[in-house]
């Protein structure tokens, strides 16, 4: 489910950055083809599986709160909405996101 949500968000950002004034084709006609190809196709099963593995590795050993926090943020909820839904402070949400980001950065550095 997290993979599906993430893929939808990536496609939405791609559409946003190819719309109107943000369109790469307006500045670099050759670059537009590469960008459109990148956002036009669905990631393959290998990419989706790698993303799931990475998310599971980041969340391994963490309390369930962090999984819920990540899921809500990937679904597009704001920090305030996430805090309200989880019944924690916004500061706790920010701290949790920072911790997850640090774990991901550390994992990328190790592997």
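We did not get these values from a lab; they are worked out from the coordinates using the rules stated. Computed from a predicted structure; not experimentally measured. Cβ sites come from the backbone with ideal geometry, for glycine too, and all protein chains shown count toward neighbours.
Wrap a convex hull around the Cα atoms of the stretch 43-111, take a quarter of its surface area, and give that in square nanometres.
With the hull built on Cα positions only, its mean projection is 5.1 nm².
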I need the peptides 97-109, 62-74, 78-90 ranked by packing, meaning the mean over residues of other C-beta atoms within 10 angstrom, with the highest value on top.
62-74, 78-90, 97-109
Using 0.36 nm per residue, how much length does the chain from residue 102 to residue 53 gain when fully extended, once their Cα-Cα distance is taken away?
15.9 nm
